[in-house]
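Colleague: Before we start, here is the structure in question, set down as structure tokens.
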Amino acid sequence: MIETSYKKRLEQVKTFLNNNDAKLISHYYVDSEIQRLTEDTGGCVADSLQMAKFGTQQKEKNLIIAGVRFMGETAKILNPEKNIYVLDKDATCSLDDSCEVNSFKQFCEKYPNREIVVYANTSAEVKAISDWVVTSSIAIPLVENLASRGKKIIWAPDKYLGSYIQDQTGIDMIMWDGACIVHEEYKTIELKKLIEELGDCEVLVHPESPRSIIQLADVVGSTTKLINASKISKSKNIIVATEKGIFYQMKKLSPNKNFIEAPTEGEGATCKSCGRCPWMHLNTFDKLMSVINQKNEINLNEKTIVHAKKSINRMVEFEDKYYQKNKRAS
Ligand code: SF4
């Protein structure tokens, strides 16, 4: 019955995308049905930068982004000639929201000799006033490279990811005070108990989590790194400390493993997210079927696109060189 209704929806989405010359691109954190519809219509499910890069390789005029607003903006920055639509413009991110551009500008002006490095989870305007945009997968090598050239940095907006990078690299960083409401909720004592109870388990943690959670991890890394780690892990039980939409990809790769959410405060308590991003959750099938309209289109001014693109492209060039060098070395 569920499969019949999925097949019906898939046909509807295929027709909709064909009729509108559109491609669907989704983040790992959206609901499994949207991820599945994306894959089955030839789209891509990935992290925010890979989503935008995938968009540059598509012939379709319209790109539909299932994720949060800054992901739509990044897609627009890298694909300014295309029309970019998000399923819900109210789908924001606590990291992006914490870092309003004028306050951030004033903050940066206090430290004029530092490189401004911002995480992908920021608005296009914040990216445009920064020197570098980074994703969690390339943040450490890039910051290490800056440190080796004697640079000091301003880091925004995620204080936890910033502390993790600082712990790993020892670089001098001034930190903006932002956090992800999902990762901030993981509970250390409860996680320790769960690890003890399970015995045979592996703990995968995204570095947007607090230091005390990271200290309990077997693997720390970006969404892509955690998905790969879940696949190669020898443990039957995998505890995951990141948004639970990612379980869809992990279960697909390892159907016989048990994937367990890292403990939060628990539903009904004071938990703000309980392992679920409220904004990712706004991406629904119904919204997808009516997404092509002005209300959902991402528009950015040209100057913002040019400046933000410069900061993203610097990272992309660094990333390409870094992986080429490491491929040669391995
Ligand atoms: S999971 Fe956290 S970082 Fe990701 S979009 Fe939601 S609030 Fe932002």
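The values are calculated or read from the model by the stated rules, or taken from the named source; none is laboratory data. Since we're looking at a predicted model, the values are computed, not measured. Here the Cβ positions follow ideal geometry from the backbone for every residue, glycine too, while neighbour counts run over all protein chains shown.
Colleague: Check segment 261-271 and report whether any residue there is at pLDDT below 95, on the phi < 0 side of the Ramachandran plot, outside the structural domain of Val126 (by TED's automatic domain parsing) and small (Gly, Ala, Ser).
Modeller: Looking for residues that are at pLDDT below 95, on the phi < 0 side of the Ramachandran plot, outside the structural domain of Val126 (by TED's automatic domain parsing) and small (Gly, Ala, Ser), one finds at least one in segment 261-271, hence yes.
Colleague: So, one more: Which condition number does Ser136 fail, the rest of (1) within 13 Å of the ligand (Cβ to nearest atom); (2) closer than 23 Å to Ala75 by Cα; (3) more than 15 Å from the chain's Cα centre (by Cα) being met?
Modeller: In the conditions (1) within 13 Å of the ligand (Cβ to nearest atom); (2) closer than 23 Å to Ala75 by Cα; (3) more than 15 Å from the chain's Cα centre (by Cα), Ser136 misses (3) alone.
Colleague: Could you tell me whether segment 181-199 includes any residue that is under 21 Å from the mean Cα position of the chain (by Cα), in a strand (DSSP E or B) and within 30 Å of Tyr111 (Cα to Cα)? Even if it seems obvious, please write down each step before you answer.
Modeller: The first filter runs over segment 181-199 and keeps only residues under 21 Å from the mean Cα position of the chain (by Cα), leaving 181-186.
Applying the additional criterion that residues be in a strand (DSSP E or B) yields none.
No; the residues of segment 181-199 include none that is under 21 Å from the mean Cα position of the chain (by Cα), in a strand (DSSP E or B) and within 30 Å of Tyr111 (Cα to Cα).
Table: residues versus (1) farther than 22 Å from Tyr164 by Cβ; (2) of a type in the set (Gly, Ala, Ser); (3) within 16 Å of the ligand (Cβ to nearest atom); (4) out of contact with any Asp or Glu (no Cβ under 6 Å at 6 or more places or on another chain).
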{"residue": "Val203", "(1), (2), (3), (4)": "no, no, no, no"}
{"residue": "Arg211", "(1), (2), (3), (4)": "no, no, no, yes"}
{"residue": "Phe247", "(1), (2), (3), (4)": "yes, no, yes, yes"}
{"residue": "Ile260", "(1), (2), (3), (4)": "yes, no, no, yes"}
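Colleague: Mind checking which pairs have a first residue in segment 187-208 that is hydroxyl-bearing (Ser, Thr, Tyr) and a second that is surrounded by fewer than 17 Cβ atoms within 10 Å (Cβ to Cβ), Cβ under 7 Å, 6 or more apart or different chains?
Modeller: Thr188/Ser212
Colleague: Give the residue that is surrounded by the fewest Cβ atoms within 10 Å (Cβ to Cβ), with candidates limited to residues of segment 67-81 that are out of contact with any helix residue (DSSP H, G or I) (no Cβ under 6 Å at 6 or more places or on another chain) and assigned to a loop (DSSP other than H, G, I, E, B).
Modeller: Glu81
Colleague: Residues of segment 174-190 being crowded, with 22+ Cβ neighbours inside 10 Å and away from the ligand (no atom under 13 Å from the Cβ), which ones?
Modeller: Scanning segment 174-190 gives a single hit, Trp176.
Colleague: Working carefully through the options Ile116, Ile84, find the one that is buried (at least 24 other Cβ atoms within 10 Å of the Cβ), not basic (Lys, Arg) and not in a loop (DSSP other than H, G, I, E, B).
Modeller: On the way: Ile116 fails: buried (at least 24 other Cβ atoms within 10 Å of the Cβ).
Criteria check complete, one pass: Ile84.
Colleague: Taking Ser163, is it over 24 Å from Glu302 (Cα atoms), within 16 Å of the ligand (Cβ to nearest atom), touching a Gly at 6+ places or on another chain (Cβ under 8 Å) and not aromatic (Phe, Trp, Tyr)?
Modeller: Details: over 24 Å from Glu302 (Cα atoms): yes; within 16 Å of the ligand (Cβ to nearest atom): yes; touching a Gly at 6+ places or on another chain (Cβ under 8 Å): no; not aromatic (Phe, Trp, Tyr): yes.
So Ser163 fails the test.
Colleague: Test each condition in (1) buried (at least 18 other Cβ atoms within 10 Å of the Cβ); (2) aliphatic (A, V, I, L, M); (3) at pLDDT 95 or above; (4) farther than 30 Å from Gly72 by Cβ for Ile195 and report the one that comes out false.
Modeller: Evaluating Ile195 over (1) buried (at least 18 other Cβ atoms within 10 Å of the Cβ); (2) aliphatic (A, V, I, L, M); (3) at pLDDT 95 or above; (4) farther than 30 Å from Gly72 by Cβ leaves (1) as the failure.
Colleague: Could you list, in sequence order, all residues of segment 236-268 that are in a loop (DSSP other than H, G, I, E, B) and of a type outside the set (Gly, Ala, Ser)?
Modeller: Lys236, Thr242, Glu243, Pro255, Asn256, Lys257, Pro263, Thr264, Glu265, Glu267
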